[in-house]
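All remarks here apply to the structure that follows.
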Amino acid sequence: MRFCVKPGGCLQGRLRVPGDKSISHRSIMLGALAEGVTEVTGFLEGEDALATLNAFRRMGVGIQGPDHGRVTIQGVGMHGLRAPGGPLDLGNSGTSMRLLCGLLAGQGFEVTLTGDSSLSGRPMRRVTDPLAQMGADIETTAAGTAPLIIHPVDRLRGIDYRLPVASAQIKSCLLLAGLYAAGETSVTEPAPTRDHTERMMSGFGYEVRRRGPRVSLTGGGRLRACKLDVPADISSAAFFLVGASIAGGSDLTLEHLGINPTRVGVINILRAMGADIEIMNERDAGGEPVADLRIRSSRLKGIRIPEDQVPLAIDEFPALFVAAACAEGETVLTGAEELRVKESDRIQVMADGLAALGVDARPTPDGMVIRGGRIRGGTVASHGDHRIAMAFAMAGLRADGEITITDCANVNTSFPGFVPLAAGAGLAITDAS
Ligand code: S3P
């Protein structure tokens, strides 16, 4: 599938982007392990979250939906999962694979996790190494990648682990394994990362302790079913935050958006660049802060992005690079080498795409230097990376020719309905296969 975006236009009106991907994954995982029936609203009906949902169905969990974001999960309790009849295919979803690896390490059955070509190239030793310290028995390829074969073991034991990279996936993987481990499992993070797992475990009645950068729990407890309202995903909203900021005449309101403090790097960075973002109606949705955001266009200026914002905006850099291409002066990103091991190498793929549109973008080992200026029309390869495709779609708002983006089908992993929603707000986008 390819996107064609005609130049110009602006973004206006009110809209709600789909549900948060990270929270949707976790709602299925904890709902499945809980005692009782968990009811979820606002669930993301994208391929990644559905990969998690289908994996639990294959392990014997009764799940109704999704139907307009409603999912009902008949929890089987901590020890109620059953061996699936074959490998669990997790598609493009790194979150499914890394979190499930921890959750399944302490089960009494063997299970194999597979994924598509992108996921099969992503590093998994970052989870299998600490899980091995907990006593898990997991095979990877010689390159440390999927397929992952998880063999049953007698009992995991808790560890006190210092994360070598700021990663919520590793932290969550170990906390999920810790539910099945003897004693205490602690994870210390080098910088704050998204804390949805900890919040949701507490919501399910499981005691999670946080002291500074260290999160701990004791294995052997139980989860109690609850109701969950998944807020709109700030990572999906990011494309609209950038689009409305760069396109003159824009005035857009995004409704019921998750603004968890561990996810708001994109707001902080755009505001530092001069964006006009108003946060309205702040409220709580089942343990997660939400708000409506109003964005009006503004003149952006280049900045040096503070490194402490990087983990808080880790999925938003494709969009932020487009903002930088429209800003006056130079934007410098450092400390973001993790971008090289996402669904694609987001530093190289974005630099190549920006260069194809005539933008002065210089990749560095751990970031990028972008000088804002004119964006020309042209063809950009998204390399099957959903966020690259959506970021370049927004570049059309400021381009002086048509932009074609190739290999866009994976937009459905995180943002089903992106094209009609963006078109309805004013982006001149169409898709074609
Ligand atoms: C996620 C954590 C991040 C993020 C990913 C979702 C999560 O990955 O990039 O899209 O739900 O925990 P890392 O932990 O690898 O940074």
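What do you reckon, is THR145 more than 16 Å from the ligand (Cβ to nearest atom), out of contact with any His (no Cβ under 9 Å at 6 or more places or on another chain) and without any contact (Cβ under 8 Å) to a residue 60 or more places away in the chain? Give the steps one after another, and end with the answer.
Details: more than 16 Å from the ligand (Cβ to nearest atom): no; out of contact with any His (no Cβ under 9 Å at 6 or more places or on another chain): yes; without any contact (Cβ under 8 Å) to a residue 60 or more places away in the chain: yes.
In short, no.
Which of the residues belonging to the range 416-427 are surrounded by fewer than 17 Cβ atoms within 10 Å (Cβ to Cβ) and either of a type in the set (Val, Ile, Thr) or under 24 Å from ARG376 (Cβ atoms) (or both)?
Of everything in the range 416-427, just one residue is surrounded by fewer than 17 Cβ atoms within 10 Å (Cβ to Cβ) and either of a type in the set (Val, Ile, Thr) or under 24 Å from ARG376 (Cβ atoms) (or both), namely ALA423.
Could you check the range 325-360 and list, in sequence order, the residues that are crowded, with 21+ Cβ neighbours inside 10 Å and closer than 24 Å to ALA247 by Cβ?
Of everything in the range 325-360, those that are crowded, with 21+ Cβ neighbours inside 10 Å and closer than 24 Å to ALA247 by Cβ turn out to be ALA325, CYS326, ALA327, THR331, LEU333, ARG346, VAL349, MET350, GLY353, LEU354, LEU357, VAL359.
Quick one: count up the residues across the range 335-384 that are touching a residue at least 12 places away in the same chain (Cβ under 8 Å), more than 21 Å from LYS6 (Cα to Cα) and assigned to a strand (DSSP E or B).
The number of residues fulfilling the criteria is 9.
Can you confirm whether the range 37-46 contains a residue that is under 16 Å from the mean Cα position of the chain (by Cα) and surrounded by fewer than 21 Cβ atoms within 10 Å (Cβ to Cβ)?
Yes, there is a match, as at least one residue in the range 37-46 is under 16 Å from the mean Cα position of the chain (by Cα) and surrounded by fewer than 21 Cβ atoms within 10 Å (Cβ to Cβ).
Tell me the residue from ASP116, ASP129 that is surrounded by 15 or more Cβ atoms within 10 Å (Cβ to Cβ), closer than 18 Å to ASP48 by Cα and within 16 Å of the ligand (Cβ to nearest atom), please. Before you say what the answer is, go through the steps one by one.
Numbers: ASP129 fails: closer than 18 Å to ASP48 by Cα.
It is ASP116.
Output the number of the condition that ASP251 fails; it satisfies all remaining conditions of (1) in contact (Cβ under 8 Å) with a residue 40 or more places away in the chain; (2) within 16 Å of the ligand (Cβ to nearest atom).
(2)
Considering the range 292-324 alone, what residues qualify as being buried (at least 21 other Cβ atoms within 10 Å of the Cβ), away from the ligand (no atom under 16 Å from the Cβ) and under 26 Å from PHE43 (Cα atoms)?
Once the filter is applied, which keeps residues that are buried (at least 21 other Cβ atoms within 10 Å of the Cβ), away from the ligand (no atom under 16 Å from the Cβ) and under 26 Å from PHE43 (Cα atoms), the range 292-324 yields LEU293, ILE295.
Is it fair to say VAL37 is touching a helix residue (DSSP H, G or I) at 6+ places or on another chain (Cβ under 8 Å) and β-branched (Val, Ile, Thr)? Even if it seems obvious, please write down each step before you answer.
Values: touching a helix residue (DSSP H, G or I) at 6+ places or on another chain (Cβ under 8 Å): no; β-branched (Val, Ile, Thr): yes.
Here the answer is no, as VAL37 does not meet what is asked.
Within 25 Å of SER167 (Cβ to Cβ), in the same structural domain as GLY135 (by TED's automatic domain parsing) and either among the acidic types (Asp, Glu) or surrounded by fewer than 19 Cβ atoms within 10 Å (Cβ to Cβ) (or both) - does that describe any residue in the range 83-106?
Yes, the range 83-106 has at least one match.
Please indicate, with yes or no, whether at least one residue in the range 273-288 is within 17 Å of VAL322 (Cβ to Cβ), modelled with pLDDT of 95 or more and in contact with a Phe, Trp or Tyr (Cβ under 9 Å, 6 or more places away or on another chain).
no
Among the residues of the range 84-121, write down those that are β-branched (Val, Ile, Thr) and more than 17 Å from LEU156 (Cα to Cα).
Those that are β-branched (Val, Ile, Thr) and more than 17 Å from LEU156 (Cα to Cα): THR95, THR112, THR114.
Of everything in the range 1-27 that's of a type in the set (Gly, Ala, Ser) and surrounded by fewer than 24 Cβ atoms within 10 Å (Cβ to Cβ), which residue is farthest from LEU254 (Cα to Cα)?
If we take residues in the range 1-27 being of a type in the set (Gly, Ala, Ser) and surrounded by fewer than 24 Cβ atoms within 10 Å (Cβ to Cβ), then GLY8 is farthest from LEU254 (Cα to Cα).
For THR413, all conditions in the list (1) part of a helix (DSSP H, G or I); (2) of a type in the set (Ser, Thr, Tyr); (3) surrounded by fewer than 24 Cβ atoms within 10 Å (Cβ to Cβ) hold save one; what is the number of the exception?
(3)
The values are calculated or read from the model by the stated rules, or taken from the named source; none is laboratory data. All values derive from a computational prediction rather than experimental measurement. Every residue, glycine among them, receives a Cβ derived from its backbone with ideal geometry; neighbour counts consider all protein chains shown.
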